[in-house]
Amino acid sequence: MSRRSSRPNRPRPPVGGSHTARQNQHDRGSAFLAELSESELYELAENKPDVLFLILDGVQDPHNLGACLRSADGAGVDAIIIPKNKAAKITDTVRRIACGAASHVPVVPVGNLARCMTKLRDDHQVHIVGTSDQATVDLYDTSLTGALAITLGAEENGMRRLTSEQCDQLIRIPMAGKVECLNVSNATAVCLFEAVRQRRASE
């Protein structure tokens, strides 16, 4: 099995429907979607020592999914993993908000998210960090280098119990004001770019 050094990008034309999203001036190549199967996801985890995944557990709002995609592309995320059911899908709205990122970052729907996380952790040594308002460890005190999957939950209820149980570590984003937590897309950006900062510092 050959070692991969870059993020996969398997574009395909959009399927069905004549409706097109409003053009975004930052959009580049949004007529195609990056594609990656679950088996290819595990192959990537096996062959890239510093692989970076984003796991979104049940994000419902297509605007949030699109914003997460845009941040993921900027942070060099290799793939986004979502549940196959009860989660937002890639739509015209998602592609528009993502500003072309859907052409570069594959979104991988999996039938059993907890099982996927277990396989990544146990078979491919991917460290899984989840965000939780109840966590006691701060994001900025957490190592985010090496093979890593950052996990965030849905807009209302956060991560499901089974998802939380598959995380190696739960962390929180320290908040200095009166608001208790960030929107999922904002929290995604904060976590991902802290990982970017740490990875660059360790090079």
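Tell me whether the range 42-57 contains one or more residues that are in a helix (DSSP H, G or I), modelled with pLDDT of 50 or more and within 23 Å of ALA154 (Cα to Cα). Taking every residue of the range 42-57 in turn, none turns out to be in a helix (DSSP H, G or I), modelled with pLDDT of 50 or more and within 23 Å of ALA154 (Cα to Cα).
Of everything listed in (1) closer than 19 Å to ARG95 by Cβ; (2) in a helix (DSSP H, G or I), the single unmet condition for GLU35 is (2).
The single residue among SER39, SER6, SER2 that is at pLDDT below 95 and either farther than 20 Å from LEU192 by Cα or buried (at least 16 other Cβ atoms within 10 Å of the Cβ) (or both) turns out to be SER2. Return a yes/no flag: does the range 160-171 have any residue that is hydroxyl-bearing (Ser, Thr, Tyr), assigned to a helix (DSSP H, G or I) and either in contact with a strand residue (DSSP E or B) (Cβ under 9 Å, 6 or more places away or on another chain) or buried (at least 21 other Cβ atoms within 10 Å of the Cβ) (or both). Yes, the range 160-171 contains at least one residue that is hydroxyl-bearing (Ser, Thr, Tyr), assigned to a helix (DSSP H, G or I) and either in contact with a strand residue (DSSP E or B) (Cβ under 9 Å, 6 or more places away or on another chain) or buried (at least 21 other Cβ atoms within 10 Å of the Cβ) (or both). Scanning the range 102-114 for residues that are free of Cβ contacts under 8 Å to residues at least 60 places away in the same chain and either under 19 Å from LEU148 (Cβ atoms) or touching a Gly at 6+ places or on another chain (Cβ under 8 Å) (or both) yields a count of 2.
The values are calculated or read from the model by the stated rules, or taken from the named source; none is laboratory data. Everything numeric here is computed off the predicted structure, so don't read it as measured data. Backbone-built Cβ (ideal geometry, glycine too); neighbour counts: all protein chains shown.
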